[in-house]
1. Answer yes or no as to whether residue 42 is free of Cβ contacts under 8 Å to residues at least 12 places away in the same chain and either loosely packed, with under 13 Cβ neighbours inside 10 Å or not basic (Lys, Arg) (or both).
2. Please go through the range 53-70 and pick out each residue that is in contact with a Ser or Thr (Cβ under 9 Å, 6 or more places away or on another chain) and of a type in the set (Val, Ile, Thr).
3. So is residue 53 at pLDDT 65 or above and either within 23 Å of the chain's Cα centre (by Cα) or surrounded by 10 or more Cβ atoms within 10 Å (Cβ to Cβ) (or both) or not?
4. Take residue 35 and decide whether it is farther than 25 Å from residue 90 by Cβ, modelled with pLDDT of 75 or more and either part of a helix (DSSP H, G or I) or out of contact with any His (no Cβ under 8 Å at 6 or more places or on another chain) (or both).
5. For the subset of the range 71-95 comprising residues that are part of a strand (DSSP E or B) and touching a Ser or Thr at 6+ places or on another chain (Cβ under 6 Å), which member is nearest to residue 38 (Cα to Cα)?
6. Select, from 84, 93, 75, the only residue that is closer than 15 Å to residue 52 by Cα and either touching a residue at least 60 places away in the same chain (Cβ under 8 Å) or out of contact with any helix residue (DSSP H, G or I) (no Cβ under 7 Å at 6 or more places or on another chain) (or both).
7. When only residues in the range 56-88 that are β-branched (Val, Ile, Thr) and over 19 Å from residue 99 (Cβ atoms) count, which is surrounded by the fewest Cβ atoms within 10 Å (Cβ to Cβ)?
Amino acid sequence: MKKFILSAALLAVTGLASVKASEVKNPTMVAVQDSTTKTPVEIKDLPEAIKTTLASEPVKDWIPTAAVLVTLADKSSYYQVDVKKGEETKALKFAADGKIIE
């Protein structure tokens with residue numbers, strides 16, 4: 001009987017020591033709503049300054065395929081023009097005055 005009580009006590013102490021788990025903390029996630037809007041624009045309806053830039057160096061060899069007007073949350077905007085040369089494609093960003101934005 002003495003061995004039984006001693007075994008039970010030892011098991012209880014071991015159980016309590018191993019059950020103590022660390023607290024799990026989940027990181028707080030903040031969702032930011034993207035208020036960027038993209039409005040499709042026909043290539044022919046782009047501002048003249050952008051058309052002029054597209055017809056000049058270094059982008060005159062690229063063919064415009066699609067364009068969108070991107071308006072950001074701070075109300076600033078730019079034109080994104082998708083261009084293609086052979087199999088290569090890329091997107092160019094333009095200010096309304098026709099300057100390429102890096």
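The values are calculated or read from the model by the stated rules, or taken from the named source; none is laboratory data. If you're wondering where the values come from, they're calculated on a predicted model, not measured in any experiment. Glycine gets a Cβ as well: all are built from the backbone with ideal geometry, and neighbour counts include every protein chain shown.
1. Numbers: free of Cβ contacts under 8 Å to residues at least 12 places away in the same chain: no; either loosely packed, with under 13 Cβ neighbours inside 10 Å or not basic (Lys, Arg) (or both): yes.
Against the criterion (free of Cβ contacts under 8 Å to residues at least 12 places away in the same chain and either loosely packed, with under 13 Cβ neighbours inside 10 Å or not basic (Lys, Arg) (or both)), residue 42 does not qualify.
2. Passing the criteria: 59, 65, 68, 70.
3. Working: at pLDDT 65 or above: yes; either within 23 Å of the chain's Cα centre (by Cα) or surrounded by 10 or more Cβ atoms within 10 Å (Cβ to Cβ) (or both): yes.
So residue 53 passes the test.
4. Working: farther than 25 Å from residue 90 by Cβ: yes; modelled with pLDDT of 75 or more: yes; either part of a helix (DSSP H, G or I) or out of contact with any His (no Cβ under 8 Å at 6 or more places or on another chain) (or both): yes.
So residue 35 passes the test.
5. Here is the first cut: in the range 71-95, the residues part of a strand (DSSP E or B) are 71, 77-85, 88-94.
Of the ones still in play, those that are also touching a Ser or Thr at 6+ places or on another chain (Cβ under 6 Å) are 71, 77, 82, 84.
Details: 71: 6, 77: 10, 82: 13, 84: 20 Å.
If we take residues in the range 71-95 being part of a strand (DSSP E or B) and touching a Ser or Thr at 6+ places or on another chain (Cβ under 6 Å), then 71 is nearest to residue 38 (Cα to Cα).
6. Working: 84 fails: closer than 15 Å to residue 52 by Cα; 75 fails: closer than 15 Å to residue 52 by Cα.
Criteria check complete, one pass: 93.
7. Of the residues in the range 56-88, the ones β-branched (Val, Ile, Thr) are 59, 63, 65, 68, 70-71, 81, 83.
Add one more test, that the residue is over 19 Å from residue 99 (Cβ atoms), and what stays is 63, 65.
Values: 63: 14, 65: 11.
Result: 65.
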